[in-house]
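The structure appears below as structure tokens.
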Amino acid sequence: MPTAEDDIRALEALRPGRGPGAPPPATEPTAIQARWFRPRRGGNVAFVSAPLDVAGLPRPQRRILELLCADDYGESWGHRGLPPDIRSRRRLLGLDPPGVLEELAACAALGKGKHPRWRVLRVALDDYRRKHANDPERPPLQAWIAERFFDASPVVWLELWTEVKARSYHLSTGGDPLAAAAAAVSKADRAAWARRWAAEIERSPERNLRHWVGAAIVAALESHGEAAPAKLVRSLALRDAPPRAATRAPAPAVARGVYRFSGKKRFGLADVEQLDAASRRQFLLAAKKYGGKAFATPRAFFAREAKEQGTTIDGVGVVRWAIAPAAPRSEPRWEMWVFLVDNGTVFVRGTATLAGIAMFQGRFVAEDARGRVVKPGAAPSLERFARELQASLPRSLA
């Protein structure tokens, strides 16, 4: 059994951004993560309901955590009591300075005193979804939150919605208030905002930040006839290039658009209870993988999630997609249950047979029969399937 000092040395020797073509390290960061940071009760939102006390960690364990925050190492951090995204974990550890989401604000629903803004915003977003998810004439999100929870200056709102776009603390909205927030500030404020985030994107280990935020910033500026920072435009043009390509073996070729995602449907408890036996079995298996425990009935899962998320049973977000080869007239061959937007399990359609593919925080991975992520090169056909699904992903899941 490796010691903490062994794992620290292994992580210190590991170069961030090693890329898919680089030789595997002597010790996988995922194995180190699993040794020192166990899953906690609460599923993917354990970082909200059962957060890890980073201040109380022994010094060697804290050092391991800091090193694991140097890149997109490990899996399912939300299950381990820490924010799923790297940037939020780094701010929590004090490796990066706090931002608007770490500012304190009052919130009656969270109790007396003041709470980090991201927690207040999470409560507000959940409350809005619960009350207006199916309302065709729902009020504007920002104005609704400002009236009931907190208000802020236009510049701060713009920063808040950009952080949501960056998936900080696993925050998400049903719509996209970022464009309206960008329109509400001055040209000078938009320019400063773009420069600040261009620098953030350049230095952040969160490689998807270019895709999530960079493109949205460029689009917002272009809608006002304004130029985006040159470094941001360049980084977007190069976002698919593997880092340090000259010193690495090329990434495996991936055929894009090989699969088609369709039939997206949101499922509530009543919808799941009306499914056939195989589909209910699918749901319970997917819920077990997502929640980290077995559920006897769909109602047990929905009740637990409603309690963990501070919402009603009807407010729990569960979606099922059908997946088919992209060839014309191809029938769906797989089904994927998705929880909290970007965590899912793929099944052979019409059965409770696992396809060997799961999605964690928007990233497809190959798994073995026990639901463990396979080591690189251990299952080439499944790994290729995962890469091709990733390349075919619709915008609503990307």
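The values are calculated or read from the model by the stated rules, or taken from the named source; none is laboratory data. Source: prediction; values computed, not measured. Here the Cβ is made from the backbone with ideal geometry for all residues, glycine too, and neighbour counts use every protein chain on show.
Return yes or no: is Leu82 in a loop (DSSP other than H, G, I, E, B), modelled with pLDDT of 95 or more and buried (at least 19 other Cβ atoms within 10 Å of the Cβ)? Break it down into steps so the answer makes sense when it comes.
Working: in a loop (DSSP other than H, G, I, E, B): yes; modelled with pLDDT of 95 or more: yes; buried (at least 19 other Cβ atoms within 10 Å of the Cβ): yes.
For Leu82, the condition - in a loop (DSSP other than H, G, I, E, B), modelled with pLDDT of 95 or more and buried (at least 19 other Cβ atoms within 10 Å of the Cβ) - is met.
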**OP:** Spot the failing condition for Glu75; the list is (1) touching a strand residue (DSSP E or B) at 6+ places or on another chain (Cβ under 8 Å); (2) part of a helix (DSSP H, G or I); (3) not assigned by TED's automatic domain parsing to the domain that holds Asn208, and only one is missed.
**Re:** (2)
**OP:** Can you work out which of the residues in segment 289-340 that are at positive phi and surrounded by fewer than 19 Cβ atoms within 10 Å (Cβ to Cβ) is nearest to the chain's Cα centre (by Cα)?
**Re:** Gly292
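Report whether or not Val100 is in contact with a His (Cβ under 9 Å, 6 or more places away or on another chain), within 19 Å of Leu171 (Cβ to Cβ) and either crowded, with 16+ Cβ neighbours inside 10 Å or modelled with pLDDT under 95 (or both).
Working: in contact with a His (Cβ under 9 Å, 6 or more places away or on another chain): no; within 19 Å of Leu171 (Cβ to Cβ): yes; either crowded, with 16+ Cβ neighbours inside 10 Å or modelled with pLDDT under 95 (or both): yes.
Taking the combined requirement at face value, the residue does not satisfy it.
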Original post:
Of the conditions (1) at pLDDT 95 or above; (2) aromatic (Phe, Trp, Tyr); (3) under 22 Å from Thr312 (Cα atoms), Trp161 fails just one. Which one is it?
Top reply: (3)
Subject >> Selection from segment 34-79 of residues that are surrounded by fewer than 23 Cβ atoms within 10 Å (Cβ to Cβ), under 24 Å from Lys165 (Cβ atoms) and among the aromatic types (Phe, Trp, Tyr) >> reply: Tyr73
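Of everything in segment 145-169, what is under 21 Å from the mean Cα position of the chain (by Cα) and either at negative phi or part of a loop (DSSP other than H, G, I, E, B) (or both)? Give them in sequence order.
Narrowing segment 145-169 to residues under 21 Å from the mean Cα position of the chain (by Cα): 158-169.
Across segment 145-169, the qualifying residues are Leu158, Glu159, Leu160, Trp161, Thr162, Glu163, Val164, Lys165, Ala166, Arg167, Ser168.
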Original post:
Do we have Gln390 as closer than 26 Å to Pro51 by Cα, in contact with a strand residue (DSSP E or B) (Cβ under 8 Å, 6 or more places away or on another chain) and surrounded by fewer than 20 Cβ atoms within 10 Å (Cβ to Cβ) here?
Top reply: no
Subject >> Any chance Ala379 is assigned by TED's automatic domain parsing to the domain that holds Leu285, farther than 16 Å from Lys289 by Cβ, hydrophobic (A, V, I, L, M, F, W, C) and modelled with pLDDT under 90 >> reply: yes
**OP:** Would you tally the residues in segment 354-368 being part of a strand (DSSP E or B), of a type outside the set (Phe, Trp, Tyr) and in contact with a strand residue (DSSP E or B) (Cβ under 9 Å, 6 or more places away or on another chain)?
**Re:** 9
Original post:
How about segment 85-129: which of its residues are in a helix (DSSP H, G or I), closer than 18 Å to Phe47 by Cα and of a type outside the set (A, V, I, L, M, F, W, C)?
Top reply: Arg87, Ser88, Arg89, Arg90, Arg91, Glu102, Arg117, Arg119, Arg122, Asp126
**OP:** Among the numbered conditions (1) more than 23 Å from the chain's Cα centre (by Cα); (2) surrounded by fewer than 20 Cβ atoms within 10 Å (Cβ to Cβ); (3) modelled with pLDDT of 90 or more, tell me where Leu285 comes up short.
**Re:** (1)
**OP:** Please go through segment 173-217 and pick out each residue that is out of contact with any helix residue (DSSP H, G or I) (no Cβ under 7 Å at 6 or more places or on another chain) and assigned to a loop (DSSP other than H, G, I, E, B).
**Re:** Asp176, Ser186, Arg207, Asn208
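How many residues does segment 258-269 hold that are over 20 Å from Leu340 (Cβ atoms) and more than 22 Å from the chain's Cα centre (by Cα)?
Of the residues in segment 258-269, the ones over 20 Å from Leu340 (Cβ atoms) are 258-260, 262.
Adding the requirement that they be more than 22 Å from the chain's Cα centre (by Cα) leaves 258.
Qualifying residue count for the region: 1.
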Subject >> Breaking point among (1) part of a loop (DSSP other than H, G, I, E, B); (2) touching a residue at least 40 places away in the same chain (Cβ under 8 Å), for Thr345 >> reply: (1)
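Do we find that Phe301 is part of a loop (DSSP other than H, G, I, E, B) and either in the same structural domain as His79 (by TED's automatic domain parsing) or touching a Phe, Trp or Tyr at 6+ places or on another chain (Cβ under 7 Å) (or both) in this structure?
On the way: part of a loop (DSSP other than H, G, I, E, B): no; either in the same structural domain as His79 (by TED's automatic domain parsing) or touching a Phe, Trp or Tyr at 6+ places or on another chain (Cβ under 7 Å) (or both): yes.
For Phe301, the condition - part of a loop (DSSP other than H, G, I, E, B) and either in the same structural domain as His79 (by TED's automatic domain parsing) or touching a Phe, Trp or Tyr at 6+ places or on another chain (Cβ under 7 Å) (or both) - is not met.
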